[in-house]
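**Q** Attaching a single structure in structure tokens format; questions to follow.
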Amino acid sequence: MLIPLNVHAISAEKAIVMDLNSGRVLYELKSNEPRLIASITKIMTCLIAINYSDLDKIVVVDEDVLKAYGSSVYLSVGEEIKLIDLLYGLMLRSGNDAAVAVAKTVAGSVDSFVYLMNEYAKTIGMKNTNFVNPHGLDVNGVGNTSTAYDMALLTKVAMQNETFKKIFGTREYKAESNLKTYNWEGKNKLFGMYQYTTGGKTGYTMAANRTLVTTASKDNKNLVVVTLNDGNDFNDHKELYETYFNKYEAVLAIDKNNFKIDDTYYQNIDFYVKEDYYALVTKEEQKDLKIDINIYKYDKVIDDIKIGEAKVMLKDTLLKNISIYAKNKKTKEETPKKSFWQKLLGWFKW
């Protein structure tokens, strides 16, 4: 476990800075201790809806939304609105009524939706998390609990989904239902405070106090910061981003445009990867970076088949596992022969 550096004087009870590309923890403060998380719960609510439902589905609002209190988008009973629009209201305005409507639409009931939330949490490795509702409200201190680490991990997974990433990074959104037109402005003040901010979700209840998850990107460095019980959260997030963007460098460990392997088993194969990978390391750590290549042995290779893995290692720690693919090299015999008319046209070209 990393020991918190004394250079920070943040107000959070629990906090974490994580590299979104590798999941590596760069800073932590009691990051594995569970606590009430309030409305940052809605990160999971949004991701479950994206993964398990048709986003063009029409949500018909029923009387259960009247049971929701606190922050709201003010849905009306009988209102009809697209699920995708409701997710923007859920994330930008933290609508608890929207959370209830989303849960019932996706899973049939709030209880069934909460079951999906907890099962998904287990599958991605959130070991200290328990959801009891889709919005994050707590009653007499009983509500959704998680850790700074688990919420950073969830955000890392969620940011790999392009739809979630777009919603998470939206500042303003206009939506229309059969009854109303909505103009929602997000509550994430970090957008206006820090130019590298790419997304965020706020949370607050009296028992949880202020909770905040944000993401930021600068010079191929992509970070997520989570703070729990932090009365100065936006300023703390800005300070943590500035500190760790300055401390770490993004080193191009895998270059998709210049990827070569010396392999004696395959004579007529070109190897390629589909993505670049930037390893986030300090200057001192750069000497400890290495790439371990593992190529599978096939009797016959089909174009674009996965043929191995490139593991980016920092000493003995795996930072990223990149899939390697193969293409058969074209021989002269495989090059299509020109027809007589193609040759003739070629003769008359200036």
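**Q** Only residues that are in contact (Cβ under 8 Å) with a residue 12 or more places away in the chain, β-branched (Val, Ile, Thr) and farther than 13 Å from SER323 by Cα: list them for the stretch 264-301, please.
**A** ILE269, VAL281, THR282, VAL301
**Q** Which members of the stretch 110-132 meet the condition of being within 12 Å of MET44 (Cα to Cα), of a type in the set (S, T, N, Q) and out of contact with any Asp or Glu (no Cβ under 8 Å at 6 or more places or on another chain)?
**A** Of everything in the stretch 110-132, those that are within 12 Å of MET44 (Cα to Cα), of a type in the set (S, T, N, Q) and out of contact with any Asp or Glu (no Cβ under 8 Å at 6 or more places or on another chain) turn out to be ASN118, ASN130.
**Q** Here's a follow-up. Given the structure, is GLY136 loosely packed, with under 15 Cβ neighbours inside 10 Å and either of a type outside the set (Ser, Thr, Tyr) or in a helix (DSSP H, G or I) (or both)?
**A** no
**Q** Next question. Filter the stretch 321-337 down to the residues that are surrounded by 10 or more Cβ atoms within 10 Å (Cβ to Cβ) and over 20 Å from ASP255 (Cα atoms), then identify the one that is modelled with the highest pLDDT.
**A** Checking each candidate, the answer is ASN328.
**Q** Residues being assigned to a helix (DSSP H, G or I), of a type in the set (Ser, Thr, Tyr) and crowded, with 20+ Cβ neighbours inside 10 Å: count how many of those fall in the stretch 47-103.
**A** Within the stretch 47-103, residues that are assigned to a helix (DSSP H, G or I), of a type in the set (Ser, Thr, Tyr) and crowded, with 20+ Cβ neighbours inside 10 Å number 1.
**Q** Can you tell me which of THR227, THR198, THR202, THR163 is hydroxyl-bearing (Ser, Thr, Tyr), closer than 16 Å to ILE16 by Cβ and modelled with pLDDT of 95 or more?
**A** THR227
**Q** Just to check your reading of the model, which residue among VAL17, VAL106 is within 26 Å of LEU319 (Cβ to Cβ) and not in a loop (DSSP other than H, G, I, E, B)? Give the steps one after another, and end with the answer.
**A** Details: VAL106 fails: within 26 Å of LEU319 (Cβ to Cβ).
The match here is VAL17.
**Q** For SER22, state whether it is in a loop (DSSP other than H, G, I, E, B) and more than 26 Å from VAL142 (Cα to Cα).
**A** yes
**Q** Those residues that are closer than 21 Å to GLU242 by Cβ and either charged (D, E, K, R) or free of Cβ contacts under 8 Å to residues at least 24 places away in the same chain (or both), I need them from the stretch 202-216; list them, please.
**A** Correct list: ARG210 only.
**Q** Considering only strands (runs of 3 or more DSSP E) fully contained in the stretch 177-283, which possess at least 1 residues that are within 22 Å of the chain's Cα centre (by Cα), exposed (fewer than 14 other Cβ atoms within 10 Å of the Cβ) and of a type in the set (Asp, Glu)? Lay out the reasoning, then the answer.
**A** Values: elements: 181-185, 197-205, 209-218, 221-228, 249-254, 269-272, 277-281.
Output list reads 181-185.
**Q** Only one of (1) touching a Phe, Trp or Tyr at 6+ places or on another chain (Cβ under 6 Å); (2) under 13 Å from LYS42 (Cβ atoms) is not met by LYS189, so which one is it?
**A** If we test LYS189 against (1) touching a Phe, Trp or Tyr at 6+ places or on another chain (Cβ under 6 Å); (2) under 13 Å from LYS42 (Cβ atoms), just (2) comes out false.
The values are calculated or read from the model by the stated rules, or taken from the named source; none is laboratory data. Remember, it's a predicted structure, so these values are computed and weren't measured experimentally. Methodologically, a virtual Cβ is constructed for each residue, glycine included, from the backbone with ideal geometry; neighbour enumeration extends over all protein chains shown.
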